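J.: Below is one structure. I have some questions about it.
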Amino acid sequence: MTDRFARTDGSTTHSCNLTEGLYCGGTWRGTIDHLDYIQGMGFDAVLISPIIKNVEKKAKYGEAYHGYWAQDMYSLNPHFGTHEDLLDLSQALHNRGMFIMMDTVINNMAYTMNGGNPATDVNYTSLNPFNEKSFYHPYCKIDDWNDYPQSQYCWTGDNIVALPDLNTEDERVQTILEMWIQEMIATYSIDGLRIDAAKHVTPDFIGKFEKAADVFMFGEVYERSVDIICGYQSNIMPSVTNYPIYFALLDAFTIGDTESLPNQVESMKSKCPSVTSLTIFSENHDLPRFASLKDDINLAKNILTFTLLFDGLPIIYQGQEQHFSGSTDPHNREALWPSAYDTSSPLYNTIHTLNTIRKHAIQIDPDYYINYNTYPVYRGSSEMAFRKGREGRQIIMVLSTQGSNSGAYTIRMMNGFQPSVVARDVFSCRTWTVNDMGELRLDMDKGEPRVLFPEALMRGSGLCGYAREKVTYMDFVNKTYSPESGDDKESGGVVGSSVVVGGTGVALVWALLGLISFAMC
């Protein structure tokens, strides 16, 4: 969320009034100045707020700091910066070998009313380029949000801020939106798009818009149902937000349900065309932060472990790395700068470690690992373990729902590794050896997660004393590198990611799918 990430003046003390919903001063220039902070966690991409000019008139519940109240699609939001600032942000990311992604609204425009009648009081001439009533669906209120045709035809918003619903069945509207997104992508070298409120957009148009954009695109579909999410992926767009897994994560780490998450993983694997093409998250700007539900740092580590190591493209919402605890909107939209961008915070380092091992696993097995479906291998009364990756190169994550007040104990786990394999936990750097029966007796303590990887393949990982190096599986087969741990200093740079700039085709972007993880800011 651009307005809440970083200010141009670099202030870490400037106040941000959440309850009033006002602009707080975050900018594209401020983001540029803190790219080290993002890249230091190992992210490959940054997803920014919608860039276009929003309504300026203050509504009863705040200003358009979030970027979702579009007024002029051919002007930039002046609160975020200038044309040059956005060009510089795009270039700065590409210079680092990173991607820039843009949040995008194609369902509606916006008009501040503060109590008027949406059916009669919208001044369409103030909206650009859709400045006539004929560009929109006639006003109707959504009575049943689960009725998709109604939700796609009728208007979201209210009588405070009306959101005139674009008639995306109209070829004029389609052509304008397609030409607009092509211009934005070409001008600012945008690598990917998030489609806000995708469930409210006419399904037939989504495919046309994606074809016109010709970049990676995923849609926000707020649904708990596996059938609906998998149906969307099968019939409408290849990548959407994985809300079924999000809700199962909450069940696991707020009420200790160790059945829901493994079951949901298996259900999605059987019903979705490609779980690895979805986006996976555990916090966003529309939902209560996890720490507002359970203020336990080790439970948060478990949540992050699953988010970053499960199938698909992981998204981390700014502030999650600082264990922010805002509840519902607007309290979950805190300014990040009071944290002083602390790179020593526990969750910042947790994310760095997880992104590092993820990239190492990808570089060892780039084609297979990305497309490998995670599956559960262990379930206890308070533990779950999942495997991702082919035999001999897999990551095993062992998660605990006990929390920080838990004591030490040992679990006995089969089906993780072959007998005699030495597995290293990348968090504690401890090792365990699988016995001759294939059983791993794993020590657990304080509810902390374990992330296990074969010790024989740790070289090049940048973790637990190993330097970060570009290695392939054949380097280990041919014994190009010694499997012994060293005292090398970790080197910099991004491993396992690729550079893509504007104009990238869908085929190339989908070939990269799964390589990236990105920060939402």
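J.: Full extension from THR472 to TYR139: what is 0.36 nm times the residue separation minus their Cα-Cα distance, to one decimal in nm?
T.: The span from THR472 to TYR139 would gain 114.1 nm if fully extended.
J.: Mind scanning LYS269/LYS388; LYS359/LYS470; LYS141/LYS199 and naming the pairs with a C-alpha gap bigger than 19 Å?
T.: none
J.: Output needed: percent of Cα pairs per 10 Å distance bin for the range 282-400, bins running from 0 to the one holding the longest distance.
T.: In order of increasing distance, the bins hold 13, 40, 32, 14, 1 percent.
J.: Let me ask another. Please list, in chain and number order, the residues 5+ apart from THR8 or on another chain whose amide H is under 5 Å from its amide H, with Hs placed from the backbone.
T.: THR27, GLY30
J.: How charged is the neighbourhood of LEU47? Take every other residue with its Cβ under 12 Å from the Cβ of LEU47, and add Lys/Arg as +1 and Asp/Glu as -1.
T.: -4
J.: Rounded to the nearest 500 deg cm²/dmol, what is the calculated helix-only ellipticity per residue at 222 nm for the chain, with -39500 (n - 2.57) per DSSP H run of length n ≥ 4?
T.: Roughly -8500 deg cm²/dmol at 222 nm, from the helical runs in the chain.
J.: Amide H of MET102 versus every other amide H placed in the peptide plane: which residues, excluding those fewer than 5 positions away on the same chain, fall under 5 Å?
T.: ILE48, GLY192, LEU193, ARG194
J.: Could you work out the relative contact order of the chain, using alpha carbon pairs under 8 angstrom and six or more residues apart, expressed as a whole percent?
T.: RCO, the chain: 15 percent.
J.: Give the lysines reachable from LYS294 as a straight Cα distance under 17 Å; neighbours fewer than 8 places away on the same chain don't count.
T.: Straight-distance partners of LYS294: LYS446.
J.: Convex hull volume of the Cα atoms in the chain, per residue, in Å³?
T.: So the per-residue Cα hull volume is 137 Å³.
J.: Still on this structure, I have one more. So how do 202-214, 26-38, 160-172 stack up, highest first, on mean other-Cβ count within 10 Å?
T.: 26-38, 160-172, 202-214
J.: Quick check: from the Cα gyration tensor, does the range 143-244 come out rounded (a/c under 1.5), prolate or oblate?
T.: oblate
J.: Sticking with this one: For the Cα atoms of the chain, what angle does the longest principal axis make with the long axis of helix 83-95, in degrees from 0 to 90, nearest 10?
T.: 20 degrees
J.: In Å², and per residue, what accessible area does the chain have when probed at 1.4 Å with the other protein chains present?
T.: 36 Å²
J.: Ignoring ligands, DNA and RNA, please state the percent of accessible area on the chain from carbon and sulfur, probe 1.4 Å.
T.: 48 percent
J.: Spit out the partnerless Cys residues in the chain, using Cβ distances under 4.7 Å as the pairing rule.
T.: That list is CYS521.
J.: Measuring from centroid to centroid over Cα atoms, what is the spacing of the range 126-153 and the range 383-408 in Å?
T.: Distance between centres, Cα-based: 46 Å.
J.: For the range 1-51 and the range 70-102, write down the distance between their C-alpha centroids in whole Å.
T.: Answer, in whole Å: 13.
J.: Using a cut-off of 11 Å between beta-carbons, work out the net charge of the residues near TYR37 (Lys and Arg +1, Asp and Glu -1, TYR37 not included).
T.: Computed value for this residue: -4.
J.: Looking at the calculated P(r) for the range 374-476, what percent of the C-alpha pair distances fall above 18 Å?
T.: 47 percent
J.: Can you tally the net charge around SER327? Count Lys and Arg as +1, Asp and Glu as -1, for every other residue whose Cβ sits under 13 Å from the Cβ of SER327.
T.: -2
J.: Where does the Debye-calculated log10 I(q)/I(0) of the range 91-136 sit at q = 0.19, 0.20, 0.27 Å⁻¹, using only Cα point scatterers of equal weight, no solvent?
T.: -0.68, -0.71, -1.05
J.: Further question on the same structure: Which whole-number value in Å³ per residue fits the convex hull of the alpha carbons of the range 1-158?
T.: Spread over its residues, the Cα hull of the range 1-158 gives 143 Å³ apiece.
J.: Treating the angle as unsigned and between 0 and 90°, give the value, to the nearest 10°, between the Cα long axis of helix 346-364 and the longest Cα principal axis of the chain.
T.: Taking Cα atoms only, the helix is inclined about 70 degrees.
The values are calculated or read from the model by the stated rules, or taken from the named source; none is laboratory data. Please read all numbers here as calculations on a predicted model, not as lab measurements. Note that each Cβ is placed from the backbone with ideal geometry, even for glycine, and that neighbours are counted across all protein chains shown. Areas reflect the complete protein model, heavy atoms only, side chains present, ligands, DNA and RNA absent. Shrake-Rupley method; radii C 1.70, N 1.55, O 1.52, S 1.80 Å.
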